[in-house]
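Have a look at the structure below before the remarks.
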Amino acid sequence: MATMLEVAKRAHVSIATVSRVLNGQTNVAPEMAARVTEAVRALAYEPNLIAQNLRRNESRTLVILTPNITNPYYANIISGIAQGAQENGYSSFLFNTEGKRALEEQILERLKKHQADGAIMLAAELGADWIYDYAKEYPVVQCSEFDPRFSIPHVCVDNEQATKDVMAYLLSLGHTRIGTISIENRFHSTAARLHAYKTSLVQAGIPVEEDYIRYATQGYTFKMGLKSARSLLAQEKRPTALFCVSDMLALGAIAGAKEMGFRVPNDVTVIGFDDVEYTTMFHPYVTTVVQPCYQIGHTAVELVCGLIQRQQVPQEVILPHNLVIRESSAPFDGYLANFASHVTGC
């Protein structure tokens, strides 16, 4: 294997000049730089990146903390992070933390030990002020979830406005008995979506019915959506529409409604959030809020790389969302017509 000294001898320059060329510095005469480049190619020289990074006190690695690697929502974000890291010359290490603080702190300790240059957190909870202790000293970016009380750079969509868009759409279809399947966690997105759900009803002159709210207790899972829908739709005065805070919950809700003999969307409208791939695998295709998951991940890398390079980066990046209308939603009139047919047929 060729050495830097051999490259310098072949190019008739000093080792320092070879180092400057390899490091991308511009204070080298073009003729000398060309000779170095030719020598590197001719000798098939490969720089010792580990040694270079040690001298610079860099690892050229990023750590990504996710609570659930199997969730398709996180998978799409991670894809954007991986691509962004590669484009910026970083390796990325993914850690499935299951939301355990002790493990998350252990991973962030790598920043102190210079085993990682930056961290991207996909599920920071509200009230996790301990994260700020790291963010004050090291490059930390929050991706999708964040705590607005702390000035840590983050990227997300406007969850409150997205939910208001959903509610405005449901109200425009004539629905007034609107249920929601939320979730028990301490994420900003969850709080924002539930708040917007309630606010939209109040502004429309519709009382908030606690009987129309269910909370998934075991994550954003198909089973929790199914269970919650069964409970909501078993009521005598059941909701005619369900807003679910994730697509997996929505898919479960559709299955639960079908098991109870309801047709989606004729008898009940179901709307999700995220636009994961599964929403268009089976009919009815799910009406949902589209989050630009790949771009969220890619933007998180841009932010953390900016912090690593000691650049000024925005504290908040809000990416656009979109409500895509598919087969799982329909006007309230469809429900009334179906209900009348059942009555006359009895």
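Descriptive notes on the structure:
- For LYS112, the aspartates and glutamates whose Cα falls under 19 Å of its own Cα, not counting residues fewer than eight places away in the same chain, are GLU58, GLU104, ASP129, ASP133, GLU137.
- The modelled label-to-label distance between GLN106 and GLN309, using points 7 Å beyond Cα along the C-beta direction, is 3.4 nm.
- Region 186-234 shape via C-alpha gyration tensor axes, a/c threshold 1.5: oblate
- Extended-chain gain in nm, criterion 0.36 nm per residue less alpha-carbon gap, HIS195 and SER79: 38.7 nm
- Region 115-127 - phi-based ³J(HN,Hα) in whole Hz, Karplus 6.51/-1.76/1.60, Gly and Pro as x: 8, 8, 8, x, 9, 10, 10, 8, 8, 6, 8, 5, x
- About its Cα centre, region 201-346 has a charge dipole of approximately 260 debye under the convention of +1 per Lys or Arg Cβ and -1 per Asp or Glu Cβ, with nothing else charged.
- Cα-based shape type of region 60-158, given that a ≥ b ≥ c are square roots of the gyration tensor eigenvalues and the cut on a/c is 1.5: rounded
- Each peptide in 242-249, 153-160 gets a packing score, the mean of other Cβ atoms within 10 Å over its residues, and the list from highest to lowest is 242-249, 153-160.
- Residue-averaged [θ]222 nm for the chain, counting only DSSP H segments that reach four residues, each worth -39500 (n - 2.57): -14000 deg cm²/dmol
- Heavy-atom accessible surface of the chain, averaged per residue, reaches 49 Å², computed with a 1.4 Å probe.
- Carbon/sulfur fraction of accessible area - the chain, other protein chains in place, 1.4 Å, %: 52 percent
- For the chain, complete DSSP H runs whose alpha carbons reach 15 Å or more along their own long axis and whose mean Kyte-Doolittle score is -1.0 or higher are 30-43, 72-87, 101-112, 159-172, 188-203, 222-233, 247-259, 293-308, 332-344.
- Area of ARG110 that stays accessible when all protein chains are in place (1.4 Å probe, Å², to 10): 90 Å²
- Burial ranking of peptide ranges 14-22, 224-232 (average Cβ count within 10 Å, highest at the top): 224-232, 14-22
- For LYS223, the lysines whose Cα comes closer than 16 Å to its Cα, not counting residues fewer than 8 places off in the same chain, are LYS258.
- For the chain, the square roots a ≥ b ≥ c of the C-alpha gyration tensor eigenvalues yield an a/c of 1.5 or more together with a/b exceeding b/c, which makes the shape prolate.
- Extended-chain gain in nm, criterion 0.36 nm per residue less alpha-carbon gap, LYS113 and VAL290: 59.9 nm
- Centroid-to-centroid separation of region 138-217 and region 285-320 [C-alpha atoms, Å]: 20 Å
- Computed over the chain: relative contact order in percent, which uses C-alpha pairs under 8 Å that are six or more apart: 17 percent
- Of LYS136/LYS164; LYS100/LYS227; LYS136/LYS198, pairs whose Cα-Cα distance is over 28 Å: LYS136/LYS164; LYS136/LYS198
The values are calculated or read from the model by the stated rules, or taken from the named source; none is laboratory data. Here the structure is a predicted model, which means the values were calculated and not measured. Cβ sites come from the backbone with ideal geometry, for glycine too, and all protein chains shown count toward neighbours. Heads up: the accessible areas ignore ligands, DNA and RNA and are worked out on the full protein's heavy atoms, side chains in. Shrake-Rupley method; radii C 1.70, N 1.55, O 1.52, S 1.80 Å.
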